[in-house]
Structure formats: structure tokens, C-alpha cells
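Read the structure below first, then the notes.
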């Protein structure tokens, strides 16, 4: 009797490491970063589920995306039909169950670790086993965040720059447990969004904010110590170093609370006194003067042009 054995399937390393396809995306948080991420993903042809705990935040996000797409139309970057198609791809809601069928969820919540961990605890039971999870954190350990989930191997840092539709860079940060398919899927997503990636090791604040935010903190120290006024410091860096925005103006744009959070992550994570947050930065945040989003920071935005507050 001639017995035929079944052919053995040979699995190549490339096949084992194939990047999973991303056909639909979820975004947690409808603030400036979250709606920017939803904006670029929808324009790239991806269905997007945008979630926030506040329904009014979702309404503001849809209005902001429409307004930002109008700017792109005015600059000839997209057509009116592209705007209509992109907005039609975005579904909003307040129920995590809406993420049941997405392939990647990007968390874009406030830069507080306890908030992010609470979101993952609520979110992960609704995700399919193959769904990848990313944080848009600008400074917090991806390894530590991933370890707080049920899928550390599918967890990665995808840090978009602000404003997302304009800025070309994405920082990609692998945690110690992040697997190769998740990394490759992230690189493929960035290419689809026409973004360039900078791969960072999982150290406090990664690349951009490790360099940028201490510069801002030093500018606040220069103000605190009376080296120069707000307008002098910003003019010096714009005209003397060819920066498009002065460091204090940029701090207001980023949010002084976010700048403070990043400096605290650097100070605590690296135990180096050079990262100590300036006391004046702390005082502004304590006062609620956190920049453009509150109407006042190093500048008062209740008037045009904004007036320095010191």
C-alpha cells in the first residue's frame, strides 16, 4: 500500500513576522490630539471610531475637523469631496463597545499615567484578541503602560506631533514586550498617513520632548530669574535661533500642564536635577493659566495680539 504523507508547510521567518492589516481604527479622546489623529486616519481612507466620555467634546471635535479640513481645501491640499468622504468615515460615541471590530486603538487621553491605566482597564475587555493598542503619550514609559494591559506584546507608542494634520513626524516607541508584527503594522500605518517615523528607545520623554521641553523649562527659568521678559525671550529665540515660535509661545501652544507633566516624568525617571521643573511653571499651572486652551498662560489670549502676562 502506497501511503502518502501530507506535505509539510514551511513557515518562513518573514511569514511569522507578517504585520497584521489595519482596516479600522479606534481613537480614545476627542481633544486636540485625538481629533487630529482621527482627521488624518479618515483622510487616508480608514474608518475611525472616535470615543470620548463627554458627548459635547465629540461635537467640538467634529466641528474642529471640518474647520481644519476647510483650511486644507483652501490650500489646495484636498478637495471638498475628500472632506465629505473623510467625515463620513468617522463614527463618534461614548461606549467602549464600539471598538469591538477595530484593528488598532490609539489612546490620546491626558498625559497622566493613572488616567491612561484606567482607560485600558475599561477598554480591553471590549477588544478582539488580535487588536493592537497604542498610546499617544509624549513621555510615559511604553513598557510600563503595556504591562498594565492584557496585551503587552501588542502595545506600542505612537506619538503624533501637534497639530497632527500639519506635522509630518510620528515617534514610534517599542516597549520591551512589543512584538515585531505590531511594530511593522505601525510603520505601515505611518506610511499610509504620509508621515515620517523616528524610532525611539523607551526612555523618559523619548526624542522630541527629551530635547524640546527642557529648552522650554530653561526659558521659563530665564523669565523666573529676570534674565528677560516674555517678549524678549521669545524674540531672542525666533530671531536669534530662527525658531518659528518662541519657547514661551510654544509652551502656551502645547499646554503648560503638559509641559509640567513631561518635566516631572524626566525629573523622576532620570533623577537628574537639570530636569527640575521651574517653580514659575508650577505656579502658572496651579493658577490654571495653562496656555491657549485656558485663554491665559505666558500670554493673555483675550486680546489681539495676545499680551505677555509678565
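The values are calculated or read from the model by the stated rules, or taken from the named source; none is laboratory data. Small disclaimer: the values here were computed from a predicted structure and weren't measured. Every residue, glycine among them, receives a Cβ derived from its backbone with ideal geometry; neighbour counts consider all protein chains shown.
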Exercise. Name the pairs whose Cβ atoms lie under 6 Å apart, with the first residue in the stretch 81-93 and free of Cβ contacts under 8 Å to residues at least 24 places away in the same chain, the second assigned to a helix (DSSP H, G or I), and 6 or more positions between them or separate chains?
Worked result: 83/69
Seminar exercise, completed: Within the stretch 194-210, restricting to residues that are in a loop (DSSP other than H, G, I, E, B) and in contact with a helix residue (DSSP H, G or I) (Cβ under 7 Å, 6 or more places away or on another chain), the one that is modelled with the highest pLDDT is 202
Seminar exercise, completed: Subset of the stretch 170-191, residues more than 18 Å from residue 142 (Cβ to Cβ) and over 17 Å from the mean Cα position of the chain (by Cα), comes to 188
For this session: Give me a count of the residues in the stretch 194-236 that are under 15 Å from residue 284 (Cβ atoms) and in contact with a strand residue (DSSP E or B) (Cβ under 8 Å, 6 or more places away or on another chain).
Result: 1
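Would you mention how many residues in the stretch 277-297 are touching a residue at least 12 places away in the same chain (Cβ under 8 Å), in a loop (DSSP other than H, G, I, E, B) and over 23 Å from the mean Cα position of the chain (by Cα)?
1
When the residues of the stretch 220-240 are narrowed to those that are touching a residue at least 60 places away in the same chain (Cβ under 8 Å) and assigned to a helix (DSSP H, G or I), which ends up surrounded by the most Cβ atoms within 10 Å (Cβ to Cβ)?
Among those that are touching a residue at least 60 places away in the same chain (Cβ under 8 Å) and assigned to a helix (DSSP H, G or I), it is 220.
Yes or no: residue 31 surrounded by 14 or more Cβ atoms within 10 Å (Cβ to Cβ) and at pLDDT below 95? If you could, list the steps in order and put the result at the bottom.
Numbers: surrounded by 14 or more Cβ atoms within 10 Å (Cβ to Cβ): yes; at pLDDT below 95: yes.
So residue 31 passes the test.
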Seminar exercise, completed: Residue hits (the stretch 61-83; surrounded by fewer than 11 Cβ atoms within 10 Å (Cβ to Cβ) and within 25 Å of residue 108 (Cα to Cα)) are 67
Problem set entry | Number of the condition not met by residue 217 [criteria: (1) within 30 Å of residue 44 (Cβ to Cβ); (2) in a helix (DSSP H, G or I); (3) in contact with a helix residue (DSSP H, G or I) (Cβ under 7 Å, 6 or more places away or on another chain)] | (1)
